[in-house]
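Here is the structure we will look at, set down as structure tokens.
The values are calculated or read from the model by the stated rules, or taken from the named source; none is laboratory data. Computed from a predicted model, the values in this text were never measured in an experiment. For neighbour counting, all protein chains shown are included, and Cβ atoms are generated from backbone atoms with ideal geometry for every residue, glycine included.
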Amino acid sequence: MKEIKVPELAESITEGTIAEWLVSEGDSVEKGDPICELETDKVNVEVNADYSGVITEFVKGEGDDVEVGEVIAKIDENGEASSGSSAESNTEEAKEEPKEQPKKEAPADKKQTEPKKAGEQQKVVASPAARKRARELGIDLNDITPSDPLGRIRPEDVEHSAKSSKEQPKQTKSDKKADTSSEKQEFDKPVEREKMSRRRQTIASKLVESQHNAAMLTTFNEVDMTAVMNLRSERKDKFAEKHGIKLGFMSFFTKAVVSALKDFPYLNAEIQEKEIIKKKFYDIGIAVSTDDGLVVPVVRDADRLDFAGIESEIAELGTKAKNKELQLSDLQGGSFTITNGGIFGSLLSTPIINSPQVGILGMHTIQKRPVAMPDDSIEVRPMMYIALSYDHRIVDGKEAVQFLVRIKQLLEDPYDLLLEG
């Protein structure tokens, strides 16, 4: 019997959640075949079989959290594909040693229950559904007596065990069960409970971690988008004809950010213990909203790309994000992030830093407002509020304000950006 373990995924990923088993117990697989899909905090990856044989047992079920190196399934290299019960039978026979006593099951059963009571978890054979229900009710699988003559624990066995232990005093192991009951009594009206996905859990913990670990402040400014919008109107048809892609706002903002980062390098840095690492590259993260949550793919070497190159990169990464095709390499190593809440109608917000970066620029919706011009006349202009959240540990308020003013200047006179591009 061989064990299938969670493989090394990437340097920064140590755990994941089993999203879906792609095979069933009793199925025959070849070495290298995908057997399950693992959801990590960044991307979904397939786990492949390390051996050829028959899947005899799922040690972990769908929805279980697993770590790198943890056993998730067992495979019999000498087994033959069969229905679930036969495969289970093969597994039990393998455990029983070469003894073959067809009807003398009683001693064998006794033998099997003893190690369970001794707490040998590896001897427990249970369906994924049974394991999941046992976790929900806080019940130890070793304490359950299976009704299946082959010794396999099924969901009904778990339910029966839960009913029989209802009158017993509360134990620490049944915390989850108690929580479940109290949660149901907490609401007088209907509610729907939904388990957080691995990615949503990671987003939540990372955002809280960022707020705890950084001295985060936000400064604001507003940009008159007239010049950018006029330039886009003038050039959009020729641009699309020449490059096969639309000229959007993100290339202007990316170019402006890169230029401002060169003037204020501490916003393109990070803190490592007692050192400040100033980055001499400009890998700009572009926040993209997906059904599973926010992801931040990275436009590499944005300083070396022209407007068409930036627009193409952003379009490609956005498509990959929506189709769940992003690779780990697409998400790692950004030096600064831009997020655009304006596409959802946000007028103003305070974006949270994408740790370990020390700055993030927030774009917002363009809104026509009356503006006092230099000659004291009033004109209606397309205005956008922009926000810079920064880590005050290494970026002073003066630098942050000047950084944002520099971006404002570049966007209000975008021809300089075109010359740079």
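For region 19-46, taking the residues that are over 21 Å from the mean Cα position of the chain (by Cα) and either among the small types (Gly, Ala, Ser) or assigned to a strand (DSSP E or B) (or both), the one that is nearest to Arg131 (Cα to Cα) is identified as Ser24. Considering only residues in region 202-243 that are among the small types (Gly, Ala, Ser) and within 32 Å of the chain's Cα centre (by Cα), the one that is surrounded by the most Cβ atoms within 10 Å (Cβ to Cβ) turns out to be Ala214. Among the residues of region 390-402, is there at least one that is under 21 Å from Ile343 (Cβ atoms) and out of contact with any Gly (no Cβ under 9 Å at 6 or more places or on another chain)? No, region 390-402 contains no residue that is under 21 Å from Ile343 (Cβ atoms) and out of contact with any Gly (no Cβ under 9 Å at 6 or more places or on another chain).
Keeping to region 247-268, report how many residues are outside any helix (DSSP H, G or I) and modelled with pLDDT of 95 or more.
Within region 247-268, the first condition is being outside any helix (DSSP H, G or I), and the residues that meet it are 247-248, 264.
Checking which are modelled with pLDDT of 95 or more leaves us with 264.
Number of matching residues: 1.
The residue of region 293-350 that is nearest to Ala204 (Cα to Cα), among those that are acidic (Asp, Glu) and touching a residue at least 24 places away in the same chain (Cβ under 8 Å), is Asp330. Here Arg193 fits the description: within 28 Å of the chain's Cα centre (by Cα) and assigned to a loop (DSSP other than H, G, I, E, B).
Does at least one position in region 225-232 carry a residue that is in contact with a helix residue (DSSP H, G or I) (Cβ under 6 Å, 6 or more places away or on another chain) and assigned to a helix (DSSP H, G or I)?
Our first condition is that a residue be in contact with a helix residue (DSSP H, G or I) (Cβ under 6 Å, 6 or more places away or on another chain); within region 225-232, this holds for 227-228.
Subset that is assigned to a helix (DSSP H, G or I): 227-228.
Checked against the condition, which is being in contact with a helix residue (DSSP H, G or I) (Cβ under 6 Å, 6 or more places away or on another chain) and assigned to a helix (DSSP H, G or I), region 225-232 yields at least one hit.
Can you tell me which residue within region 244-272, out of those that are of a type in the set (Lys, Arg) and either buried (at least 18 other Cβ atoms within 10 Å of the Cβ) or more than 30 Å from the chain's Cα centre (by Cα) (or both), is nearest to Met363 (Cα to Cα)?
First, pick out the residues of region 244-272 that are of a type in the set (Lys, Arg): 246, 255, 262.
Within this subset, residues satisfying the condition of being either buried (at least 18 other Cβ atoms within 10 Å of the Cβ) or more than 30 Å from the chain's Cα centre (by Cα) (or both) are 255, 262.
Values: Lys255: 14, Lys262: 20 Å.
Residue satisfying both the conditions and the ranking: Lys255.
Restricted to region 47-76, and to residues there that are crowded, with 20+ Cβ neighbours inside 10 Å and in a loop (DSSP other than H, G, I, E, B), the residue that is nearest to the chain's Cα centre (by Cα) is Lys60. The combined condition, being surrounded by 12 or more Cβ atoms within 10 Å (Cβ to Cβ) and over 30 Å from Leu207 (Cβ atoms), is fulfilled by Pro382. Selection of region 280-292 for residues being surrounded by 17 or more Cβ atoms within 10 Å (Cβ to Cβ) and either basic (Lys, Arg) or assigned to a strand (DSSP E or B) (or both) yields Ile284, Gly285, Ile286, Val288. Taking the conditions (1) at pLDDT 95 or above; (2) touching an Asp or Glu at 6+ places or on another chain (Cβ under 8 Å) in turn, Pro297 satisfies each one other than (1).
Looking at Val401, is it over 15 Å from Met216 (Cβ atoms), surrounded by 13 or more Cβ atoms within 10 Å (Cβ to Cβ) and of a type in the set (A, V, I, L, M)? It is true that Val401 is over 15 Å from Met216 (Cβ atoms), surrounded by 13 or more Cβ atoms within 10 Å (Cβ to Cβ) and of a type in the set (A, V, I, L, M). Filtering Glu57, Glu11, Glu80, Glu37 for residues that are among the acidic types (Asp, Glu) and at pLDDT below 65 leaves a single hit, Glu11.
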